[in-house]
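The values are calculated or read from the model by the stated rules, or taken from the named source; none is laboratory data. This one's a predicted model, so the numbers in the text were calculated from it and none came from an experiment. As a convention, Cβ positions derive from the backbone with ideal geometry for all residues, glycine included, and neighbour counts pool all protein chains shown. In case anyone asks, the SASA skips ligands and DNA or RNA and just uses the protein heavy atoms, side chains included. Shrake-Rupley method; radii C 1.70, N 1.55, O 1.52, S 1.80 Å.
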Amino acid sequence: MSKQILIMPGDGIGPEIVAEAVKVLHAATARFDLDISTDEALVGGAAYDVHGDPLPDVSLDKARAADAILFGSIGGPKWDAIERSKRPERGLLRLRAELGLFANLRPAILFPQLAGASSLKPEVVSGLDILIVRELTGGIYFGQPRGIREENGERVGFNTDVYSESEIRRIGKVAFELARARGKRLCSVDKANVLEVTELWKEVINDLAGDYPDVEVSHMYVDNAAMQLVRAPKQFDVMVTGNLFGDILSDEAAMLTGSIGMLPSASLDQQRKGLYEPCHGSAPDIAGQGIANPLATILSLAMLLRYSLDRGDVATAIEAAVEAVLEDGLRTADIHTDGCRKVSTAEMGDAVAARLKAS
Ligand code: NAD
């Protein structure tokens with residue numbers, strides 16, 4: 001049966017980079033035995049402009065019906081002043097919550113050709129391949145009670161960091177299974193010396209470890225993990241952590257690779273239906289100029305094929321096509337260095353599609 005992919009370009013550079021990923025998808029369907037149909041839906045500011053809502057029912061219904069979603073980016077100064085509940089970002093947060101996308105996968109991969117783009121020494125980061133698995137729908141970002149109240153004549157702000165055993169087990173299983181399919185090492189990050197919620201986290205991860213004897217488990221306090229990521233990042237294979245720590249560590253790991261324009265992500269539900277998007281935002285400062293790097297979105301498409309459509313073979317071919325194009329010396333402005341050929345968004349997409357077709 002044909003698999004349905006919903007394309008949600010969004011705002012800013014979103015439509016430009018998604019168009020390049022769609023080119024690569026067409027090249028993949030021409031080259032491989034893939035039965036895919038696509039549909040498109042508005043989200044973010046683009047949806048607000050038409051429907052007065054950043055996630056209108058028509059878009060949410062299409063997202064529910066799809067097998068996977070390829071998402072661009074949302075937001076921009078045009079919508080900064082509108083009522084908070086209608087802002088573009090709310091559309092994405094609601095989409096994640098409505099679809100139960102609890103597992104956020106953020107690989108930090110450094111193609112050897114780009115080792116010079118990192119702020120760390122090339123030998124520390126060259127060949128880096130880490131996968132951070134972040135719990136996305138629980139923890140302190142969602143815990144109740146939360147708010148700001150008056151106490152003894154002053155305002156007090158408070159949030160609640162809360163995880164149930166079942167929530168920890170659910171994300172833990174995803175991480176163990178991913179580790180099993182890669183380097184078989186899993187590092188669980190907590191602050192169990194101070195926070196009871198992460199003491200439970202550590203216990204549940206240790207319980208789960210019994211089901212995965214082939215995966216080597218370690219535990220690290222979050223402060224040490226932040227330090228180790230810049231000291232010796234290649235010691236990690238898969239890292240798993242809660243919502244807040246994952247937010248911070250995945251951005252830190254992202255910067256090890258030098259450019260945010262290279263980093264894909266996946267957010268999965270229990271059935272591995274997922275939303276796939278670049279880690280960066282809508283880059284309003286360069287939107288419409290044809291210079292954005294489409295590779296994070298193209299690599300997000302590869303993740304979509306691997307995790308939601310079970311086509312690891314096509315995903316690997318796309319990743320190889322990206323690497324070949326980098327090897328040929330093609331660079332968008334954000335990753336350009338002397339001696340390379342500076343290309344536009346569309347030229348980069350064309351080159352990856354051509355390499356894939358020829359593979
Ligand atoms: P940003 O990621 O959009 O941009 C940060 C910097 O990186 C900018 O200089 C931009 O030009 C550059 N950049 C980003 N993606 C690039 C690419 N593919 N190629 C080349 N350069 C790229 O972050 P920001 O400026 O803080 O936010 C801009 C808007 O994006 C805001 O409205 C924000 O709310 C939104 N945002 C959306 C998402 C999302 O859609 N998931 C995530 C983060 C921010």
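Points worth noting:
- Residue satisfying condition, being hydrophobic (A, V, I, L, M, F, W, C) and more than 26 Å from residue 124 (Cα to Cα), within set 229, 305: 305
- Set side by side, the residues 330, 305 differ, and just one is touching a residue at least 24 places away in the same chain (Cβ under 8 Å) and among the aliphatic types (A, V, I, L, M), which is 305.
- Among the residues here, residue 239 qualifies as within 19 Å of residue 215 (Cβ to Cβ) and either at pLDDT 95 or above or crowded, with 17+ Cβ neighbours inside 10 Å (or both).
- Condition check for residue 336 on (1) within 12 Å of the ligand (Cβ to nearest atom); (2) in contact (Cβ under 8 Å) with a residue 12 or more places away in the chain; (3) not polar (S, T, N, Q): one failure, at (2).
- Residue in the range 179-190 that is crowded, with 17+ Cβ neighbours inside 10 Å, touching a strand residue (DSSP E or B) at 6+ places or on another chain (Cβ under 7 Å) and part of a helix (DSSP H, G or I) present: yes
- Of all the listed residues (146, 134), the sole one being under 17 Å from residue 264 (Cα atoms) and surrounded by 12 or more Cβ atoms within 10 Å (Cβ to Cβ) is 134.
- In the range 149-178, the residue that is farthest from residue 208 (Cα to Cα) out of those that are open to solvent by less than 40 Å² (accessible area, probe 1.4 Å) and touching a Leu at 6+ places or on another chain (Cβ under 8 Å) is 163.
- Filter result for residue 81 (surrounded by fewer than 14 Cβ atoms within 10 Å (Cβ to Cβ), under 16 Å from residue 277 (Cβ atoms), of a type outside the set (Ser, Thr, Tyr) and without any contact (Cβ under 8 Å) to a residue 60 or more places away in the chain): no
- Only one of the numbered conditions (1) loosely packed, with under 15 Cβ neighbours inside 10 Å; (2) within 15 Å of the ligand (Cβ to nearest atom); (3) touching a residue at least 24 places away in the same chain (Cβ under 8 Å) is not met by residue 322, and that is (1).
- Residue count for the range 87-114, restricted to those that are crowded, with 24+ Cβ neighbours inside 10 Å, within 16 Å of the chain's Cα centre (by Cα) and over 18 Å from residue 274 (Cα atoms): 2
Rundown of residues vs (1) modelled with pLDDT of 95 or more; (2) within 10 Å of the ligand (Cβ to nearest atom); (3) in contact with a strand residue (DSSP E or B) (Cβ under 6 Å, 6 or more places away or on another chain); (4) within 22 Å of residue 27 (Cα to Cα), yes/no style:
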{"position": "255", "(1), (2), (3), (4)": "no, no, no, no"}
{"position": "268", "(1), (2), (3), (4)": "yes, no, yes, no"}
{"position": "272", "(1), (2), (3), (4)": "no, no, no, no"}
{"position": "276", "(1), (2), (3), (4)": "yes, no, yes, yes"}
{"position": "281", "(1), (2), (3), (4)": "no, yes, yes, no"}
{"position": "296", "(1), (2), (3), (4)": "yes, yes, yes, yes"}
{"position": "317", "(1), (2), (3), (4)": "yes, no, no, yes"}
{"position": "330", "(1), (2), (3), (4)": "yes, no, yes, yes"}
{"position": "341", "(1), (2), (3), (4)": "yes, no, yes, no"}
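- Condition check for residue 289 on (1) open to solvent by 10 Å² or more (accessible area, probe 1.4 Å); (2) more than 6 Å from the ligand (Cβ to nearest atom); (3) at pLDDT below 95: one failure, at (3).
- Listed by position, the strands (runs of 3 or more DSSP E) inside the range 1-85 whose residues that are under 28 Å from residue 347 (Cβ atoms), within 14 Å of the ligand (Cβ to nearest atom) and modelled with pLDDT of 95 or more number at least 3 are 3-10, 68-73.
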